[in-house]
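Enquirer: Sharing a structure below in structure tokens format, with a few things to ask.
The values are calculated or read from the model by the stated rules, or taken from the named source; none is laboratory data. All of these numbers come straight from a predicted model, not from anything done at the bench. In this analysis, Cβ positions are derived from the backbone assuming ideal geometry, glycine residues included, and neighbour counts consider all displayed protein chains.
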Amino acid sequence: MALRNPVAEAALAPALSETPNQRVLRQLLEALLFEGVVPCYTADSRSGGWQWLEFPVGTLQARCRGRIRGFSRVRLDIESLSFQRNQRTVTVDLPGLIQELPGSRSKHLLLLAELNATIANEEQLRTSHQTRTLHDRRTLHGEALDRAIHEGHPYHPCFKSRLGFEADDLMRYSPETSTGFRLHWVAVPRRYLDSQLPASDLAFWQAELGEETAFLLRAAFHRVGIDWQAYGAMPMHPWQWRHLSTGPLAKQLGDVDIRDLGPLGDRYQPSQSLRSLFNMNRPGQACLKLPLGIHNTSSRRHLEPHSVPSAPAISRWLEAIVESDPRLSRDYPLRLLPEYASLSFIAQPGTLPGQHPLEGELAAIWRTSLRARLNEDEQAIPLNALFQWQPDGQPFIESWIERYGLEPWLNATLSALILPVWHMLATHGVGLEAHAQNSLLVMRQGWPNALLLRDFHDSVEYARNYLAAATPEPDLGERQAGYEQAPDDLYYRMTGPEALRELAVDTLFIYNLSELALLLEDAYGFAETRFWAQVRRLLDQYAQHHPELQRRLSQLGWAQPRLKTESLLTRKLQPDTGNVSHWVPNPLAITPTGFTTSFTDHQQARLS
């Protein structure tokens, strides 16, 4: 066994045994403190260790043991939480706490509904037979491991809200419990269908579905009395079809003559992201991403209408950049899972989507399967698997740490995860949203060799004034004029490099590698200051190896004392005014002075 932190064992039990209610409450308070919604007072503002934190929540005064970590992320010991009002100890339930927060009553009620749904869903899924008997995840990789990561978002308190799912839906369509389901199919009049397929309809469906299912699809057209030339086929998530066909949008379906073809074809299982589906019958086939109109974590899970027809073009653009740069195969190995085909309902094909309510609700994106990007002796490990605990009380990564040693393995892992993203950003001027579900490590026996990224249609950014001279803008075809006329920061084009850096630092460092840093400190006593110092050394070494990028790296401003980051929870409390940000101290700064330096200062100036 690897060397363990001698004081960690007492801290491990809560991480493995928190009730759903405790976890939701902890993550809610941690987010409120991190985003500065409530101020925090500490005995020692420079300490990154455990100490008593005090924070007012409306008329309540809360006290809890906690620690302020890198980027001012907060970790609380929820067992120690207590509340007072008017200097008298009081018991506070979740509704009582929510009503003390800023924001309107309607915002409070919606947040409370999502938090209560998260608790109820987590309780139901925890007690299900499939979840209780989950076997050792260390034997899994790829799609099987993706589906077995049942913990949900480690930061957002609505990590399993799934508003819209009834109890039966939860069991049937959740990765923790689903035994698979067939897709539902509809026919869309071609005048409303934006088709971005790499081959003719018939050839595409034969390749994707197989000869027999493609024949059955054609037969379904004949059965409902429509012509293949006048209508195109569209797969749908069965929940989405039921929701649309029996809900407020049922009339719109009839108005545009959407025809019901029924279920057919292979069975699919949901990934941890719910709306990306893996083919059970033929695992080498594409992963299919479909809109799913439920609310989960921070958003409704439809597909952004403009991004669906642009998905193949964005993937081709990224593939061309990677193929043109030998360093992305030799020095900073990067592999992509391209989105090579899409279908979407658009009221006026050839333009950017307007305001039709079915846009973003009827759509599909085909993504290359994991198996197509792996060699025979390789395994694909989702980034968020690295910071999970196993039921045996050991970290998921324990055997690799024991085999290779903590620091050698960590150095290789950080290099594999960070440098490809950093190279695309600094050298080419392309920002990638490498969050924990989109990022996978390509490993051989637990040793990282490459980074595998996916899900590009709405998670890629560039800035004209920061694109490298040899890196072109994406060619978005007949919709190009609409993108040209749109303002910066609305679609793929940003105002400048700061926005690209914010995307990369948020998704890779603040909300994800931060979780690995937490696990390493809790399990192995590897101080988080050492973790971020290693990240800093890695970025410094990259700069030393690329002196020609000195000006471009300085434009990113990644080493400044404070960085702006997205406020995921604050958005739920404020009017719908787009993204909200706050400032955090930067442990990667040239002269970091401690995790919690200026913690209260950054809270006072949190909104931008």
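For every residue, the table says whether it meets (1) assigned to a strand (DSSP E or B); (2) at pLDDT 95 or above; (3) under 20 Å from Ile401 (Cα atoms).
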{"site": "Met1", "(1), (2), (3)": "no, no, yes"}
{"site": "Arg4", "(1), (2), (3)": "no, no, yes"}
{"site": "Val7", "(1), (2), (3)": "no, no, yes"}
{"site": "Leu12", "(1), (2), (3)": "no, no, yes"}
{"site": "Gln22", "(1), (2), (3)": "no, yes, no"}
{"site": "Leu25", "(1), (2), (3)": "no, yes, no"}
{"site": "Leu28", "(1), (2), (3)": "no, yes, no"}
{"site": "Pro39", "(1), (2), (3)": "no, no, no"}
{"site": "Asp44", "(1), (2), (3)": "no, no, no"}
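Enquirer: Just the residues that are surrounded by 13 or more Cβ atoms within 10 Å (Cβ to Cβ) and within 14 Å of Pro56 (Cα to Cα), please, taken from the stretch 83-95.
Expert: Once the filter is applied, which keeps residues that are surrounded by 13 or more Cβ atoms within 10 Å (Cβ to Cβ) and within 14 Å of Pro56 (Cα to Cα), the stretch 83-95 yields Phe83, Gln84, Arg85, Val90, Val92.
Enquirer: So if I check each of Ala468, Ala434, which one is within 21 Å of the chain's Cα centre (by Cα) and not in a helix (DSSP H, G or I)?
Expert: Testing whether each residue is within 21 Å of the chain's Cα centre (by Cα) and not in a helix (DSSP H, G or I) leaves just Ala434.
Enquirer: Continuing with the same structure: Just to be sure, is Leu440 assigned to a strand (DSSP E or B) and modelled with pLDDT of 95 or more?
Expert: When the stated conditions are applied, Leu440 passes them.
Enquirer: Output the strands (runs of 3 or more DSSP E) that fall wholly within the stretch 283-369 and possess 2 or more residues being over 30 Å from Ala543 (Cβ atoms) and of a type in the set (S, T, N, Q), or say none.
Expert: It comes to 339-345.
Enquirer: Just checking, does the stretch 556-570 include any residue being in a helix (DSSP H, G or I), over 27 Å from Leu101 (Cα atoms) and not assigned by TED's automatic domain parsing to the domain that holds Glu319?
Expert: Yes, the stretch 556-570 contains at least one residue that is in a helix (DSSP H, G or I), over 27 Å from Leu101 (Cα atoms) and not assigned by TED's automatic domain parsing to the domain that holds Glu319.
Enquirer: Somewhere in the stretch 412-427, is a residue assigned to a loop (DSSP other than H, G, I, E, B) and touching a residue at least 60 places away in the same chain (Cβ under 8 Å)?
Expert: No.
Enquirer: So, one more: State yes or no: is Asp260 in contact with a helix residue (DSSP H, G or I) (Cβ under 8 Å, 6 or more places away or on another chain), at pLDDT 95 or above, crowded, with 18+ Cβ neighbours inside 10 Å and acidic (Asp, Glu)?
Expert: Judged against the criteria, Asp260 is not a match.
Enquirer: Residues that are under 26 Å from His435 (Cβ atoms), modelled with pLDDT of 95 or more and assigned by TED's automatic domain parsing to the domain that holds Asn296: does the stretch 181-193 have at least one?
Expert: Checked against the condition, which is being under 26 Å from His435 (Cβ atoms), modelled with pLDDT of 95 or more and assigned by TED's automatic domain parsing to the domain that holds Asn296, the stretch 181-193 yields no hits at all.
Enquirer: Given (1) of a type outside the set (Gly, Ala, Ser); (2) under 23 Å from Leu518 (Cβ atoms); (3) touching a helix residue (DSSP H, G or I) at 6+ places or on another chain (Cβ under 9 Å), where does Glu123 come up short, assuming only one miss?
Expert: Result: Glu123 passes all but (2).
Enquirer: If you go through the stretch 446-471, how many residues are farther than 22 Å from Ala286 by Cβ and either assigned by TED's automatic domain parsing to the domain that holds Arg275 or touching a residue at least 12 places away in the same chain (Cβ under 8 Å) (or both)?
Expert: 14
Enquirer: Still on this structure: Would you kindly identify the helices (runs of 4 or more DSSP H) lying entirely within the stretch 126-207 that contain at least 1 residues that are crowded, with 21+ Cβ neighbours inside 10 Å?
Expert: 142-148, 167-173
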